[in-house]
Amino acid sequence: MKTIYFAAASLDGFIADKNDSLEWLFKNGPTDISFIDEFVKTVGAIAMGSSTYKWLLDNHSGPWPYQVPCLIFTHQNLKAIDGADIEFVSGEVKQQHLHLQKIANGKNIWVMGGGDLAGQFHDQGLLDEIHLQTVSVFLNEGKKFFARKTETAFKIKDIRQRGDTCVEVVYLTK
């Protein structure tokens, strides 16, 4: 079981534009995204930031796209999606990580969206890997991929080209 921050970012390190939108990714990202489906098969629980959740609420039609339990980290009162296995949580990520480990049933935990949320997991020593899909576009502003300053150089585990617009690098954080 690993805790993995899996996200896409622009060449200049942004995961969302200045309006918290992910639309840039769908216009510029890889056309073959089957690697995401392969990753999702290894996941038993999701830790999601509130901005990502709100973007899904506003932009995703149809049923909730994830078949595993999802904790939404928020201090806001957000609307639940019918049929979704979600729980709204706040507080220390260390405590919630214990809960995530239980509900993940031996599978990986996906830290989805939220450079600040990923940073909180990293600060507590809970993040095992970062799977960064760098898309060949500049946003110049928006939400940073990793909202922390760290002097630690992460070790590269793997590098893969994903289509003609994206490269994925898997970093070990420990």
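The values are calculated or read from the model by the stated rules, or taken from the named source; none is laboratory data. If you're wondering where the values come from, they're calculated on a predicted model, not measured in any experiment. Note: ideal-geometry Cβ built from the backbone for every residue, glycine included; neighbour counts use all protein chains shown.
A few notes on this one:
- Residues that are outside any helix (DSSP H, G or I), buried (at least 20 other Cβ atoms within 10 Å of the Cβ) and not hydrophobic (A, V, I, L, M, F, W, C), drawn from region 30-55: Pro30, Gly49
- Some residue of region 143-160 being in contact with a Lys or Arg (Cβ under 9 Å, 6 or more places away or on another chain) and within 27 Å of Asn19 (Cβ to Cβ): yes
- Scanning region 127-141 for residues that are within 20 Å of Val169 (Cβ to Cβ) and either in contact with a helix residue (DSSP H, G or I) (Cβ under 6 Å, 6 or more places away or on another chain) or not aromatic (Phe, Trp, Tyr) (or both) gives Leu127, Asp128, Glu129, Ile130, His131, Leu132, Gln133, Thr134, Val135, Ser136, Val137, Leu139.
- Of all the listed residues (Lys18, Lys2), the sole one being of a type in the set (Lys, Arg), farther than 17 Å from Val111 by Cβ and modelled with pLDDT of 90 or more is Lys18.
For (1) hydroxyl-bearing (Ser, Thr, Tyr); (2) modelled with pLDDT under 95; (3) within 14 Å of Phe6 (Cα to Cα), each residue gets a yes or a no:
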residue	(1), (2), (3)
Ile103	no, no, no
Ile109	no, no, yes
Leu117	no, yes, yes
Leu127	no, no, yes
Leu132	no, no, yes
Lys149	no, yes, no
Ala153	no, yes, no
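- Yes/no for Lys79 being basic (Lys, Arg), assigned to a loop (DSSP other than H, G, I, E, B) and over 30 Å from Asp158 (Cβ atoms): yes
- Residue that is farthest from Trp64 (Cα to Cα), among those in region 75-107 that are small (Gly, Ala, Ser), without any contact (Cβ under 8 Å) to a residue 24 or more places away in the chain and surrounded by fewer than 15 Cβ atoms within 10 Å (Cβ to Cβ): Gly91
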